[in-house]
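Student: First the structure, then my questions, so here it is.
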Amino acid sequence: MADPSPYLLNSVLKAVRVGVIVLDAGQRIVLWNRWIEQHACLPATDVLGKTFADVFPGMVDGRTHVAIRSALLNNFASLISQTLNKAPFPLYANPADAADDARMQQAVHVMPLDVPDLPRHCLVQIGDVSMSVSRERKLREMAVELESQTLVDGLTGIANRRRFDLHLEGEFRRARRNVSPLSLLMIDVDDFKAYNDSYGHQRGDACLARIAAALDAVPHRPRDLVARYGGEEFAVVLPDTDVEGALQVAEAMRTAIAALLLEHAHAGNARHVTASFGVSTLTPGQESTTGALIHGADRALYQAKRAGRNCVMVHAHEGSSA
Amino acid sequence: MFKLSALQHDALVEIFNLGVGQAAAAMSRIVKEEVTMSVPLIAFQSRAQVAQTLGSGEGRRISAVAQQFVGAFNTEAFLMFPEEKSLEIVRLMVGQSLTMEELGEMEQEAMSEIGNIILNSCMGAFANASGRELQGSLPIYHAGTGDDILGLSGKEWDGVVLALKIDFNIEKRHIHGHVAFLLDMTALQDLQQYVDDYLAGLTK
């Protein structure tokens with residue numbers, strides 16, 4: 001089959017929806033197609049014969065310019081991605097964007113080009129990836145949105161903070177209706193910052209996952225809930241449970257964590273990973289709120305930390321029947 | 001397995017370190033943050049050995065960027081990282097948190113560019129060292145086990161792999177990757193000639 005005529009090739013170059021620039025060995029522009037005329041707002045007659053540096057002074061010695069040099073000198077092809085290089089060429093989707101200097105999102109390919117009887121040339125192809133970029137952005141937003149609706153903590157697999165809030169709210173109303181005691185445990189892993197600092201975040205994450213599994217194995221009733229409260233803090237909701245019952249659960253959990261024997265060379269007063277526990281129990285009246293229950297458990301947890309860690313403390317609610 | 005003389009070995013290590021040094025400088029300019037890279041180790045291995053190092057036996061997933069080089073010697077070059085490490089590199093380079101567990105389309109392209117920079121720099125250092133030319137293709141992104149990736153050039157292939165370990169440092173993070181050059185017997189001889197030319201150039 002015969003090669004297509006130069007006339008046909010020229011028509012194709014004009015029609016393609018891709019920017020095509022060809023530079024000779026001296027980096028002078030020898031080809032500038034219709035697409036690039038439109039989006040650079042520069043007619044071919046203004047740029048042909050000029051050097052890359054003359055036409056794009058802002059790009060001298062930048063990533064694209066280095067890639068062009070590498071194609072001409074070393075015969076290497078380069079990819080210049082949109083993700084790592086935000087819109088290298090001053091190209092615009094339309095004149096309005098050009099007026100606002102809002103550049104088109106671009107993917108650029110720079111390739112060496114052999115030309116008969118002449119030193120090597122360089123081909124620069126530019127594609128408009130605005131659509132892909134906005135699609136990816138949308139996907140990412142949806143992933144974040146989905147994540148915000150999930151009830152499971154991604155790292156540990158137990159209930160997350162959102163599930164905890166919903167569950168506590170429900171159990172609180174139920175306890176008020178039934179005039180039954182509701183207990184809350186707040187748990188904080190001791191010296192966890194030192195653990196992360198000395199063993200690294202990956203082992204820190206693995207440690208949290210082990211602790212979560214150990215805590216989750218202790219309660220047995222269907223409405224008990226162990227949740228990751230945030231960072232290295234966990235919370236346990238225990239419906240129909242008085243102080244004595246809550247203390248028993250807390251003590252069982254404290255022992256379970258110590259029994260994991262997770263090495264911790266930089267803990268204040270233990271060789272293994274331990275946790276401190278704050279217990280708070282309320283039989284909710286009309287005036288009481290979940291805030292009071294959480295606040296009580298937090299106070300007790302603080303006392304447990306002050307008392308030397310690896311222990312359980314109880315907060316006494318004023319006027320509480322528990 | 002094929003062996004280089006101590007002198008040839010040291011020459012290769014030096015050339016590759018020169019190459020990744022240039023790649024690190026190019027990447028530093030992109031992220032406006034210090035990136036350093038070095039090649040502590042090179043070895044000739046069989047394809048199966050390299051796949052094993054990459055955890056193929058355990059089904060470990062690898063992200064790879066592949067490029068063809070032809071000319072003074074012909075080779076298919078791969079830059080490979082465990083999939084989670086390539087995610088981390090792109091995260092560090094792009095400076096945004098990605099919630100996805102695999103690289104999306106745009107991140108794959110970013111990873112391809114990173115591979116392109118590193119492989120071109122390695123081969124560029126090579127070409128400059130010996131004054132002989134190589135032609136490089138555009139990068140292609142692949143994901144799969146080391147076996148899948150290195151097997152892409154066909155089952156019948158019976159050559160040797162020049163395997164490099166790469167240490168990559170960005171924002172106080174240290175990440176190890178691998179570069180593999182697939183060399184058939186002809187390419188291997190050409191490579192040796194190539195290194196000899198370089199050494200001859202040094203002693204002139």
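Student: Shielding by partners for A:67-78, please: the mean number of other protein chain Cβ atoms within 10 Å of each residue's Cβ.
Tutor: 6
Student: If you don't mind, there's one more thing I want to ask. Any chance you could list P(r) for the protein assembly as shown, counting all Cα-Cα pairs in 20 angstrom bins from zero, rounded to whole %?
Tutor: Binned Cα distances yield the sequence 18, 37, 27, 15, 2.
Student: Order of B:Lys85, B:Lys32 from fewest to most other C-beta atoms within 10 Å?
Tutor: Exposure proxy ranking, most exposed first: B:Lys32, B:Lys85.
Student: Could you list the trypsin sites (Lys or Arg not before Pro) in the range A:236-304 that lie in coil according to DSSP, counting only those with at most 14 other Cβ atoms within 10 Å of their Cβ?
Tutor: When the trypsin sites (Lys or Arg not before Pro) of the range A:236-304 are filtered for loop state and at most 14 Cβ neighbours within 10 Å, A:Arg271 remain.
Student: For peptide B:116-122, what's the mean number of Cβ atoms from other chains within 10 Å of each residue's Cβ?
Tutor: 4
Student: What is the average number of partner chain Cβ atoms found within 10 Å of a Cβ in A:26-35?
Tutor: Average per residue, whole number: 0.
Student: May I pose another question? Step through the table entries A:Lys50/B:Lys32; A:Lys86/B:Lys172; B:Lys85/B:Lys172; A:Lys193/B:Lys85; A:Lys86/B:Lys165, compare each Cα-Cα distance with 19 Å, and write down the pairs that go over it.
Tutor: The pairs that break the limit, which is 19 Å between Cα atoms, are A:Lys50/B:Lys32; A:Lys86/B:Lys172; A:Lys193/B:Lys85; A:Lys86/B:Lys165.
Student: Between B:Glu58 and B:Leu41, how many nm apart are label points set 7 Å from Cα along the C-beta direction?
Tutor: Here the modelled spin labels are 1.5 nm apart.
Student: Hey, fewest Cβ within 10 Å first, where do A:Thr83, A:Thr156 land in order?
Tutor: A:Thr156, A:Thr83
Student: While we're looking at this one, here's another question. Determine the relative contact order of chain A: mean sequence separation of Cα pairs under 8 Å and six or more apart, normalised by residue count, in whole percent.
Tutor: Answer for chain A is 13 percent.
Student: While we're looking at this one, here's another question. For chain A, set up a GNM with springs between Cα atoms under 10 Å and report which of A:Pro239, A:Pro116, A:Pro43 has the largest fluctuation.
Tutor: Maximum among the listed residues: A:Pro116.
Student: Among B:Cys122, A:Cys311, what is the fewest-to-most ranking by other Cβ atoms within 10 Å?
Tutor: A:Cys311, B:Cys122
Student: Here is a further query. Which values, in whole Å and largest first, are the semi-axes of the equivalent ellipsoid of the range A:6-136 obtained as the square root of 5 times each eigenvalue of the Cα gyration tensor?
Tutor: 23, 17, 15
Student: Compute the distance from the alpha-carbon center of the range B:1-34 to that of the range B:112-174, in whole Å.
Tutor: Here the answer is 12 Å between Cα centres.
Student: Take the Cα atoms of chain B, find their three principal axes, and give me the spread along each one in whole Å, biggest first.
Tutor: Extents along the principal axes, in whole Å: 53, 39, 27.
Student: If I require 30 Å or longer along the helix axis, counting alpha carbons, and a Kyte-Doolittle average no lower than 0.5, what helices from chain B are left? Use full DSSP H segments.
Tutor: B:6-31
Student: When the expected Rg is taken as 2.2 N^0.38 Å, what fraction or multiple of it is the alpha-carbon Rg of the range A:150-314?
Tutor: 1.00
Student: Follow-up question, since we're still on this one. What is the distance in Å between the Cα centres of the range A:75-120 and the range A:1-74?
Tutor: 9
Student: May I ask you to list the residues of the range A:175-200 whose amide nitrogen lies under 15 Å from a point 7 Å from Cα along the Cα→beta-carbon direction of A:Glu263?
Tutor: A:195-196, A:198-200
Student: Hey, rough spin-label estimate for B:Arg29 and A:His220, points 7 angstrom out along Cα→Cβ, what's it come to in nanometres?
Tutor: For B:Arg29 paired with A:His220, the spin-label model returns 6.9 nm.
Student: Can you check what the net charge comes to around B:Ala72, using other residues whose Cβ is under 14 Å from the Cβ of B:Ala72 (Lys, Arg +1; Asp, Glu -1)?
Tutor: My count for the surroundings of B:Ala72 gives -3.
Student: Most fluctuating residue of B:Val70, B:Val35, B:Val50 in a GNM of chain B with Cα springs under 10 Å: which is it?
Tutor: B:Val70
Student: Which helices, counted as full DSSP H runs in chain A, have an axial Cα extent of no less than 20 Å and a Kyte-Doolittle average of 0.0 or above?
Tutor: Span-like helices here: A:201-216, A:243-259.
Student: I want to verify a result. In a Gaussian network model of chain A, Cα cutoff 10 Å, which of these has the top mean-square fluctuation: A:Ala96, A:Ala206, A:Ala258?
Tutor: In the Gaussian network model the winner is A:Ala96.
Student: Once you place label points 7 Å from the Cα toward the Cβ at B:Ile140 and B:Val70, how far apart are they in nm?
Tutor: A separation of 1.3 nm, rounded to one decimal place.
Student: Order these peptides, A:130-142, A:52-64, A:5-17, A:27-39, by their mean beta-carbon neighbour count within 10 angstrom, highest first.
Tutor: Ranked by mean Cβ neighbours within 10 Å, highest first: A:27-39, A:52-64, A:130-142, A:5-17.
Read-outs: derived from the displayed coordinates by stated rules, not from any lab. What you see is a predicted model, and the numbers here were worked out from it, not measured in a lab. Note that we place each Cβ from the backbone using ideal geometry, even for glycine, and neighbour counts take in every protein chain shown.
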